[in-house]
Structure formats: structure tokens, C-alpha cells
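What follows is a set of notes on a single structure, which appears directly below.
Readers should treat all values here as calculations from the given coordinates under stated rules, not as data from a laboratory. None of the values given here were measured: they were computed from a predicted structure. Every residue, glycine among them, receives a Cβ derived from its backbone with ideal geometry; neighbour counts consider all protein chains shown.
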Amino acid sequence: MKKTKRRGIPVWLCLLLCLLAVCGTTFFNAYQFIKEKYRGSHEIYSREMVRQLEEGSFLANIVKTLYSEEEWDAIRNTSYVDDNQISKIDLPEEVKTKDVNGDGIYIEHIYAGTYEGYMMIVEDPKDVYIAINPTMGTGLDAPSLDDYVKENKAIAGINGGGFEDYGGNGNGSIPAGITIIDGKLISGGAPQPILGITKDHTLVTATMSAEEALARGIVEAVTFGPTFIYNGQVVYEPTTNLNMLNPRTAVGQKEDGTFLLLVIDGRGPSSFGAKYEDVVDIFLEYDAVMAGNLDGGNSSVMIYDGQYIHYPVSMYNSRNLPSVILVGEH
């Protein structure tokens with residue numbers, strides 16, 4: 001009896017099915033990538049990526065299918081500069097304060113075209129003070145913001161002034177420019193843009209020498225800059241020097257003494273960062289009469305009630321800091 005030979009799937013058909021499977025998987029992954037990039041969970045990033053698409057390009061036509069006609073036109077016809085209308089939203093419940101602890105501290109989550117950040121509002125100016133590296137001059141690493149907060153039993157804090165960063169390997173132990181603590185000059189002398197606090201808890205943001213600062217009754221001060229607002233007037237003059245989208249830290253004060261501590265995230269998909277002009281606009285929105293810039297970039301950090309309020313650039317959270325601005329009894 002003659003055996004019937006079984007016939008398997010032709011090789012060409014196997015290859016075709018494999019090719020279709022590979023193409024299907026590739027197409028699906030590419031679509032998911034495009035969708036996340038151009039209409040993903042990080043809305044600020046996605047909007048900016050859509051604005052940068054070349055009109056009529058193949059990619060632009062694909063991305064356009066992710067939006068309604070009205071949404072597409074609204075995004076494409078608005079630059080990030082025009083879109084930087086400051087908005088405020090409530091914090092997530094885990095960090096939402098609204099002074100629930102009765103400590104006179106409020107935190108507002110703010111966002112605009114290229115950034116998101118947090119404004120800490122401190123009602124009692126006596127609660128805000130500057131702390132510096134306690135091991136300064138020993139060569140040891142400066143503390144992180146976490147350590148400063150714990151050591152001083154503070155409620156909250158942000159990073160402070162700049163530091164000497166020799167060869168890019170500085171450990172935060174040596175502050176740059178003028179530093180004053182308890183009415184005593186710790187370092188510096190020549191005129192610098194400082195952020196100082198007087199004995200009556202008034203914020204002073206201006207360029208001056210250490211001698212001038214002490215003569216004005218400034219008992220605590222750190223150095224960075226530029227100065228944004230002085231006596232209710234915007235004194236910042238636009239510059240290209242370091243004025244790019246970056247994480248920012250700055251401090252301001254309202255006429256009634258309320259302190260405004262600002263940290264803006266940057267260098268990430270959910271927040272590119274802010275320019276100096278953006279920071280000025282924020283403080284004007286909050287009616288600041290004094291405001292000045294502090295060290296930003298990898299140094300920008302904010303802690304409240306034992307936890308980080310935002311997402312620091314550094315994967316290790318706070319870097320070593322020569323000085324910080326703390327909130328609490330002093």
C-alpha cells in the first residue's frame with residue numbers, strides 16, 4: 001500500500017508569516033512610541049514636540065491623527081512663550097498641605113508652557129532663615145538638604161547659594177561669594193548679587209559688598225543671582241548668559257512679609273525648565289516686592305514635612321549644599 005506523503009506548510013509561507021509578524025510588531029511599537037511622545041502622559045513635553053514638527057511632513061500627518069482639528073490648531077499656533085500663562089493646580093493628596101498642619105505653610109503647584117514647579121508660601125517671616133555647612137573649612141562633604149532639615153529640626157527647606165566647584169568635582173563645602181550668618185561675615189567681600197535677610201526678617205535682593213550688607217542690618221546672606229525684583233520694581237535685564245530652560249530655585253517676599261520659596265523642575269520630559277523671565281513673571285503673579293535667583297540646575301530641591309515635593313534632577317535627590325533656606329523655629 002502506497003503511503004501518502006504529508007505536506008507541511010511551505011517555507012515561503014512561513015517566511016511570509018514571520019515577516020508579517022515582525023512588521024506588525026514593529027509598527028505597533030513605533031505607533032506606541034509616537035503616541036507617547038506626541039500625545040503621552042507628559043503633556044508639556046508632548047505639546048512642545050508637536051510644535052516642532054515640520055508642517056506637512058509624513059510624521060506630522062501621523063501625529064495629527066492623534067488630535068482633533070481644534071486641538072491641533074490650538075497647539076500648533078501657540079509657542080511656549082505665548083503659552084506661559086501661569087496656572088495653579090492642587091497638589092496630589094500625599095503632598096497637599098493647604099496649611100493642614102497649622103504651620104502657616106502653603107504649597108501651590110504651578111505650571112506653564114515649558115515647566116512645572118512648586119511655590120512654598122510661608123506666612124510668618126520669622127520662620128525663614130539661612131543655614132550653612134557646619135563643617136566648612138574641614139574639607140568634608142557638605143550636608144544634603146535632608147541632613148540640614150533633620151539637624152535643624154526644620155519643617156521645610158530649599159537649596160541656597162552657589163559653591164566653589166573646582167574641576168566640576170566640588171563637594172559643596174565651600175560657598176561662593178558673600179556668606180553672612182548671625183551678623184558675622186563668613187566669606188567673601190567684593191560686591192556680589194546677594195540674597196540677604198535682615199534682623200527684622202526683611203528680604204533684601206541686590207548687588208552689594210559684604211560691608212554694605214552688614215551696614216544695612218543684614219544678618220544672613222548667600223550669593224548667587226541675578227536679582228529679579230527690588231523694592232517692587234523689576235530690575236532684571238534680559239541676558240543670554242545661562243538664561244536657558246533649566247531647573248530654578250528662587251526666593252521672594254511680599255509686602256506683608258510673606259516669604260515665597262520657588263523651585264521649578266527641569267531637564268525632564270514633564271518639565272523642560274524655566275528662563276529667568278519666567279521666574280520674574282511668577283513672582284509678579286505672587287505680588288513679590290523682593291525676589292532673587294539662587295543656585296539652580298542639579299542643586300534645585302525642595303523638602304516639606306520629611307519628603308521631596310518635586311522630582312530633583314539628581315537621581316540621588318539632594319546634592320551636597322554649602323547653604324540652604326530653612327523654614328521652622330530658629
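Report the Stokes-Einstein translational diffusion coefficient (µm² s⁻¹, integer) for segment 167-235, Rh taken as the Kirkwood radius over Cα pairs, at 20 °C with viscosity 1.002 mPa s. Walk me through the numbers before you get to the answer.
Working: Rh = 12.3 Å.
For these conditions, the coefficient is 174 µm²/s.
Report Rg(Cα)/(2.2 N^0.38 Å) for segment 209-330, keeping two decimals.
Values: Rg = 14.8 Å, N = 122, 2.2 N^0.38 = 13.7 Å.
The value comes to 1.08.
Mind giving me the nanometre distance, one decimal, between the label points for Val234 and Asp124, set 7 Å out from Cα along Cα→Cβ?
Result: 3.5 nm between the two label points.
Specify the inter-centroid distance of segment 270-330 and segment 189-255, based on alpha-carbon positions, in whole Å.
15 Å
For segment 236-287, state which GluC sites (Glu not before Pro) are in a DSSP loop and have at most 11 other beta carbons lying within 10 Å of their beta carbon. Could you put the intermediate results ahead of the total?
Details: sites: Glu255, Glu277, Glu285; in loops: Glu255.
Passing sites in segment 236-287 are Glu255.
What pairs in Lys37/Lys64; Lys35/Lys64; Lys153/Lys184; Lys126/Lys275; Lys35/Lys275; Lys150/Lys199 have C-alpha atoms more than 19 Å from each other? If you can, show how the numbers build up before the last one.
Values: Lys37/Lys64 13 Å; Lys35/Lys64 11 Å; Lys153/Lys184 23 Å; Lys126/Lys275 30 Å; Lys35/Lys275 28 Å; Lys150/Lys199 24 Å.
The answer is Lys153/Lys184; Lys126/Lys275; Lys35/Lys275; Lys150/Lys199.
To the nearest 0.05, how large is the calculated FRET efficiency for Phe58 and Leu284 if R₀ is 45 Å and r is the Cβ-Cβ distance? Before the final figure, lay out the partial values.
Details: r = 43 Å, r/R0 = 0.95.
Between Phe58 and Leu284 the formula returns 0.55.
Can you give the net charge of the other residues whose Cβ lies under 12 Å from the Cβ of Val279, counting K and R as +1 and D and E as -1? Before the final figure, lay out the partial values.
On the way: positive: Arg248, Lys275; negative: Glu277, Asp278, Asp281, Glu285.
Local charge sum for Val279: -2.
What do you get when you divide the Cα radius of gyration of segment 87-327 by 2.2 N^0.38 Å, with N the number of residues? Write down the numbers at each step before the final one.
Values: Rg = 16.3 Å, N = 241, 2.2 N^0.38 = 17.7 Å.
Scaled against compact globular proteins, the figure is 0.92.
Would you kindly work out the equivalent ellipsoid of segment 208-264 from its C-alpha gyration tensor and give its semi-axes, the square roots of five times the eigenvalues, largest first in whole Å? Please list the in-between numbers first.
Numbers: eigenvalues 96, 50, 30 Å².
Its equivalent ellipsoid spans semi-axes of 22, 16, 12 Å.
Rg and Dmax in Å for segment 11-76, alpha carbons only: what are they?
In order Rg, Dmax, the Cα atoms of segment 11-76 give 15.6, 52 Å.
Using C-alpha positions alone, give me the convex hull volume of segment 274-330 per residue in cubic angstrom. Can you show the working numbers first?
Working: hull volume 7.5 nm³, N = 57.
Cα convex hull per residue, to the nearest whole number: 131 Å³.
Can you tell which of Asn159, Thr207, Pro143 lies farthest toward the positive end of the dipole of segment 138-245, using +1 and -1 charges on the Cβ of basic and acidic side chains (Lys, Arg; Asp, Glu)?
Selected residue: Thr207.
May I ask you to sort Trp72, Trp12 by Cβ crowding, counting other Cβ atoms within 10 Å and putting the fewest first?
In order of increasing Cβ crowding within 10 Å: Trp12, Trp72.
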